[in-house]
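Everything below concerns the one structure shown next.
The values are calculated or read from the model by the stated rules, or taken from the named source; none is laboratory data. This one's a predicted model, so the numbers in the text were calculated from it and none came from an experiment. Cβ placement follows ideal geometry from the backbone for every residue including glycine, while neighbour counts extend to all protein chains displayed.
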Amino acid sequence: MILGALLLLLYKFNPLLAYESLFAGGFGSLYGWAESLANATPLILTALTFAVGLRGGLFNIGAEGQVYVGALAAVATGLLPVPAALRLIVTLVLALAAGALWGLVPALLKMTRGVHEVISTIMLNWIAYFFAFYLIAHTLSSPLNGSRTIRIPPAARFGVILPGTDLNYGILVSILLALLFYFLLWRTTVGFELRAVGYNPRAAHYAGMDEHSIGHWAFLLGGVSAGLAGAVQLMGRPPSYAILSGIPQLLNLGFDGIGVAMIGRNHPLGILLAAVFFGGLEAGGRTMELVAGVPLEMVRVVEGLILIALAVPELGRFLTYLRHLNPLELLSRQRRRAD
């Protein structure tokens with residue numbers, strides 16, 4: 001915050017007014033809180049994707065592509081003859097299934113061919129990105145408006161909690177999944193083994209834990225969460241309820257989730273708080289621009305400095321973990337997974 005204040009002073013803006021408007025916009029009113037929670041809804045889910053992978057010793061940055069795939073599946077459900085009473089559930093299930101299947105691709109590449117997940121997930125992000133552009137322009141294009149897809153059917157939309165805001169019942173999906181991930185990671189055998197493999201792969205191997213199976217679980221759970229993020233973002237954010245040309249409402253949700261996960265110390269409960277804080281900064285940024293006259297680009301820089309400062313401790317812990325891993329051990333681990 002001090003660096004941000006100095007930067008604002010350098011460009012002759014009032015840092016006290018800027019910070020006051022930033023936090024007042026996100027947390028100073030019922031409307032601000034509603035917008036903060038609405039912004040947090042998809043970020044909770046994409047942060048869980050990164051966190052569960054990192055807990056298992058995997059640097060999974062594929063949430064971005066899985067968000068696109070989940071959103072496409074949610075839109076495509078509108079073409080299916082599904083009873084209205086089941087449409088919301090079916091839409092969510094197909095979206096999470098699409099995200100999970102997309103997430104399994106880097107898992108299979110890593111376990112069978114030893115392809116590092118950073119390489120494969122980056123490539124798959126781009127494939128999903130251009131695949132989304134193709135479907136928006138062709139298969140899923142709206143016959144009434146070529147700049148967007150067909151709309152999510154009314155029966156599959158989440159109701160708005162506070163009229164006049166974007167806060168909708170999709171927030172409950174995010175909260176419930178975060179609680180489910182907490183239970184799974186800290187109260188089940190699968191969760192214990194996943195954390196053990198991530199913390200000390202050699203000890204986990206000698207204890208008889210199956211790294212192949214654990215890796216698949218980490219990617220699968222991450223894909224489920226990111227796929228739901230794409231669906232929830234469309235099903236609860238009026239007025240479009242569709243993917244717009246250029247996919248502006250989906251861009252960077254996966255990458256922003258990495259920052260949220262770091263701030264939340266890669267813990268599901270910490271992620272809930274971090275996502276609300278991140279969402280509040282996003283909501284308050286508009287107020288900061290209007291009240292303090294700070295250009296939007298400068299607002300984003302100040303927000304970025306705040307988030308970096310909060311994420312540094314977890315990033316340092318992760319880098320320390322990597323530094324203490326023996327390179328030969330990493331090579332051995334890759335070979336065991338490829339065998």
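Contact map, segment 41-55: residues that are at pLDDT below 95 paired with residues that are surrounded by fewer than 24 Cβ atoms within 10 Å (Cβ to Cβ) and in a helix (DSSP H, G or I), Cβ distance under 6 Å, separation 6+ or inter-chain. Pairs shown: Arg55/Arg195; Arg55/Gly198.
How about segment 267-301: which of its residues are over 20 Å from Leu9 (Cβ atoms) and charged (D, E, K, R)? Listed by number, the residues that qualify are Glu282, Arg286. What do you reckon, is Phe23 among the hydrophobic types (A, V, I, L, M, F, W, C), part of a helix (DSSP H, G or I), surrounded by fewer than 21 Cβ atoms within 10 Å (Cβ to Cβ) and in contact with a Gly (Cβ under 9 Å, 6 or more places away or on another chain)? So Phe23 passes the test.
In the set (1) more than 21 Å from Leu177 (Cα to Cα); (2) surrounded by fewer than 21 Cβ atoms within 10 Å (Cβ to Cβ), Asn252 fails one condition alone, (1).
This table checks each residue for (1) more than 19 Å from Gly257 (Cα to Cα); (2) of a type in the set (S, T, N, Q); (3) modelled with pLDDT under 90.
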{"site": "Thr165", "(1), (2), (3)": "yes, yes, no"}
{"site": "Leu177", "(1), (2), (3)": "no, no, no"}
{"site": "Thr189", "(1), (2), (3)": "yes, yes, no"}
{"site": "Pro201", "(1), (2), (3)": "yes, no, yes"}
{"site": "His212", "(1), (2), (3)": "yes, no, yes"}
{"site": "Ala218", "(1), (2), (3)": "no, no, no"}
{"site": "Gln233", "(1), (2), (3)": "no, yes, no"}
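Annotation note: of Leu92, Leu72, Leu108, the sole residue that is under 22 Å from Leu176 (Cβ atoms) and part of a helix (DSSP H, G or I) is Leu92. Residues in segment 207-232 that are of a type outside the set (A, V, I, L, M) and either in contact with a Lys or Arg (Cβ under 8 Å, 6 or more places away or on another chain) or surrounded by 23 or more Cβ atoms within 10 Å (Cβ to Cβ) (or both): 9 in all. Filtering Gly191, Gly198, Gly257, Gly285 for residues that are part of a helix (DSSP H, G or I), within 19 Å of the chain's Cα centre (by Cα) and either of a type outside the set (A, V, I, L, M, F, W, C) or surrounded by fewer than 23 Cβ atoms within 10 Å (Cβ to Cβ) (or both) leaves a single hit, Gly257.
Considered as a group, the residues in segment 1-18 that are without any contact (Cβ under 8 Å) to a residue 24 or more places away in the chain and assigned to a helix (DSSP H, G or I) include one that is nearest to Ala309 (Cα to Cα), and that residue is Ile2. Against the criterion of being modelled with pLDDT of 90 or more, within 21 Å of the chain's Cα centre (by Cα), charged (D, E, K, R) and assigned to a helix (DSSP H, G or I), Glu303 does not qualify.
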